[in-house]
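Beneath this line is the structure, given in structure tokens, with notes to follow.
Since every read-out is calculated from the coordinates, none of them should be taken as a lab result. Because the structure is a prediction, the values reported are computed rather than measured. Here the Cβ positions follow ideal geometry from the backbone for every residue, glycine too, while neighbour counts run over all protein chains shown.
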Amino acid sequence: MQIEDNHVVRFHYSVTPVGEPEATESSFDGEPVAVLIGHGNIIPGLEQALKGRQVDDRFEVTVPAEQAYGERRADMSQRIPKKYFAAAATLRPGQQTQVSTRFGPRAVTVIKVGLTSVDVDLNHPLAGQSLHFDVQVVEVRGATDEEIAHRHVHGEGGHAHD
């Protein structure tokens, strides 16, 4: 079965920013990632590279920044009260951490730590970088009607509803 929209795909990957010596993230030593194709659940360039592939395919692809996390934007900084950070006392400039938002946790990079607030960069840490992926497709199946309606994978490697 070839990967296309409304298919669930489980795959292993490693990602290396172009020009860097080693991968910044990999699933090869753990569980594969599960995504519903065609619903914007992963970066566009990787989703496009998966289409047409099938189980056991292993491939490499370089995704340009605009098809990954976009270009870095200078206007993406914000001052946030320290109370929104779990480990506010240990924050340091350059550190990546998470802040709780009404939409769930958001990854940020600390720019400056003040007495009562923290200046953060809201750009994704890999924004502005082309990314090289090593991918191995583990499973491909048609999505259920419920997965399509909810726009994400249920079950193994996916989302669990209460």
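With springs only between Cα atoms under 10 Å apart, run a GNM on the chain and tell me which of 69, 13, 84 wobbles the most.
Between 69, 13, 84, it is 84 that shows the largest mean-square fluctuation.
Can you pull out the trypsin sites (Lys or Arg not before Pro) in the range 76-140 whose DSSP state is coil and whose Cβ has at most 13 other Cβ atoms within 10 Å?
102
In nm, give the distance between the simple-model label positions of residue 29 and residue 130, each being 7 Å from the Cα along the Cα-to-Cβ direction.
With each label point 7 Å from Cα toward Cβ, the separation is 2.9 nm.
Where the only charges are on Cβ atoms (+1 Lys, Arg; -1 Asp, Glu), what is the dipole of the chain about its Cα centre, to the nearest 20 debye?
Around 1000 debye, computed over the chain.
Using a cut-off of 15 Å between beta-carbons, work out the net charge of the residues near residue 53 (Lys and Arg +1, Asp and Glu -1, residue 53 not included).
That sum, taken over residues with Cβ under 15 Å, equals -4.
How many nm is it between the label spots at residue 111 and residue 151, if each spot is 7 Å from the Cα in line with the beta carbon?
Modelled inter-label distance: 2.9 nm.
To make sure I understand the rule: partners must be lysines, Cα under 22 Å from the Cα of residue 112, and not fewer than 8 residues away in the same chain. Which ones qualify?
82, 83
Test of understanding: what is the full-extension gain from residue 61 to residue 139, defined as 0.36 nm times their sequence separation minus their Cα-Cα distance?
Between residue 61 and residue 139, full extension yields an extra 26.2 nm.
With a 10 Å cut-off between alpha carbons and a GNM built on the chain, which of 21, 64, 44 moves the most?
21
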